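Read the structure below first, then the notes.
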Amino acid sequence: MAYLVTGASGCLGRYLVSELLKRSGDVHVLVRPDTASVDRFDRCAREWAAGERVRAVRGDPALPGLGIDPEWLAAHHGSIDHLFHLAAGPDAARPGACGHVVDVAHRLAAGVLHHVSTVAVAGAVTGLFTEDMFDVGQVLPTPYQRAAFEAERTVRDRCEVPWRSYRPSIVIGHSRTGEIDRIAGPYHFFRLLRKAAQLPRLLPLLVPQLGETNMVPVDFVSRALDHLAHRPAPSGTTYHLVDPRRQGATEVLNLFADEAGAPRLIEVMPKRILEPMLRTPGLGWALGHLGVPQEVLEHSEFDCWFDFRNTAAALAGTDIRVPPLAAYAPIVWKYWIENRW
């Protein structure tokens, strides 16, 4: 068994590689040649402690052929069983990067291309968004949603080797350690909640009606991805890696408000008045100064909820499941306080 992984030293990749190393075979890791990327790989390699089983492959997702030496590709033709493209990050999600990955999958005659996408491809769909849905004419309000959608479409339209797509929801810290190395989802609001802790607890924070959200810990995603990738499945199978529990965005933020010692959030206004509020002189600047990008506020929840029948069926009989957010929110908050504040 042999693997090639892009994004292996990132938020999800470092945990995925740890899972893959529990199996037999070598893991080839795409590493950009710049100093920061090499240093990140070196730190991860020490953490993986797998010696020669983890092998750096110099390359760049932005370049044709992923920038990999053609001789390396020729030497490994037919020997890579699984090619993982962790495409949820802003750079890797670009359609061009996915096109290069597809080309490499062809040149390697890879056994399976595993494309890690995101539920953000649902855009502004309302109601249930199933694992079998993709292009349903949805509006894609943000550049990130459009990039993720086009990246997944590239794989769907062009990939000639067997492929699968995995769509995590918002990935947050490890459920047992809280560890994370990127800011997403509720983290954008943590500084705001920390500041709000200076206010009296009895004074509520008034917010727009935010709708639903969905978050999963990185350890669930990495374990589920490893398990699903090694199960037989038809080419084109899509898995939603989501929390099966439906939760409101305000309900989730209140879990972290409690940890911060901040007043609880209360929804008092329709979301349609949020944009005029953000145009109020000084307010948009103040929120940005506190670390909350305006686009996060404008698109801070999902208009739909996510079907996960493929995932549930494939994980049946395992201990791989999403713990309740309330059980690990204190751990996530504690790690952020100790390492990010």
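The values are calculated or read from the model by the stated rules, or taken from the named source; none is laboratory data. These numbers come from a predicted model, not from an experiment. With ideal geometry, Cβ positions are generated from the backbone for all residues, glycine too; neighbour counts draw on all protein chains shown. Note: areas computed on protein heavy atoms with side chains; ligands, DNA, RNA excluded. Shrake-Rupley method; radii C 1.70, N 1.55, O 1.52, S 1.80 Å.
For segment 112-133, how many residues are within 24 Å of residue 172 (Cα to Cα) and surrounded by 15 or more Cβ atoms within 10 Å (Cβ to Cβ)?
Residues in segment 112-133 being within 24 Å of residue 172 (Cα to Cα) and surrounded by 15 or more Cβ atoms within 10 Å (Cβ to Cβ): 14 in total.
Filter segment 231-250 down to residues that are open to solvent by 30 Å² or more (accessible area, probe 1.4 Å) and of a type in the set (Ser, Thr, Tyr), then give me how many there are.
Residues that pass the stated criteria total 1.
Which of the residues spanning segment 20-38 are open to solvent by 60 Å² or more (accessible area, probe 1.4 Å) and either modelled with pLDDT of 95 or more or among the hydroxyl-bearing types (Ser, Thr, Tyr) (or both)? It would help to see each step written out before you state the result.
From segment 20-38, those open to solvent by 60 Å² or more (accessible area, probe 1.4 Å) are 22-24, 32-35; that's our starting set.
Within segment 20-38, 22, 23, 24, 35 qualify.
Quick test for you: out of 193, 228, pick the one residue that is of a type in the set (A, V, I, L, M), open to solvent by less than 20 Å² (accessible area, probe 1.4 Å), closer than 29 Å to residue 267 by Cα and in a helix (DSSP H, G or I).
Of 193, 228, the one residue that is of a type in the set (A, V, I, L, M), open to solvent by less than 20 Å² (accessible area, probe 1.4 Å), closer than 29 Å to residue 267 by Cα and in a helix (DSSP H, G or I) is 193.
Give all pairs with beta carbons closer than 8 Å in which a residue from segment 132-158 that is at negative phi meets a residue that is surrounded by fewer than 19 Cβ atoms within 10 Å (Cβ to Cβ) and of a type in the set (Lys, Arg); count only pairs at least 6 apart in sequence or on separate chains.
Hits for this filter: 134/153; 134/156; 135/153; 140/146.
So residue 24 ticks every box in (1) assigned to a helix (DSSP H, G or I); (2) free of Cβ contacts under 8 Å to residues at least 24 places away in the same chain but one. Which box is left unticked?
Against the list (1) assigned to a helix (DSSP H, G or I); (2) free of Cβ contacts under 8 Å to residues at least 24 places away in the same chain, residue 24 comes up short only on (1).
For segment 170-186, enumerate the residues that are buried (at least 20 other Cβ atoms within 10 Å of the Cβ) and either in contact with a Cys (Cβ under 8 Å, 6 or more places away or on another chain) or part of a helix (DSSP H, G or I) (or both).
Answer for segment 170-186, where residues must be buried (at least 20 other Cβ atoms within 10 Å of the Cβ) and either in contact with a Cys (Cβ under 8 Å, 6 or more places away or on another chain) or part of a helix (DSSP H, G or I) (or both): 171, 180.
To keep it simple, each residue is scored yes or no on (1) modelled with pLDDT of 95 or more; (2) among the charged types (D, E, K, R); (3) closer than 17 Å to residue 334 by Cβ.
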| position | (1), (2), (3) |
| --- | --- |
| 186 | no, no, yes |
| 197 | no, no, yes |
| 218 | yes, no, yes |
| 237 | yes, no, no |
| 247 | no, no, no |
| 262 | no, no, yes |
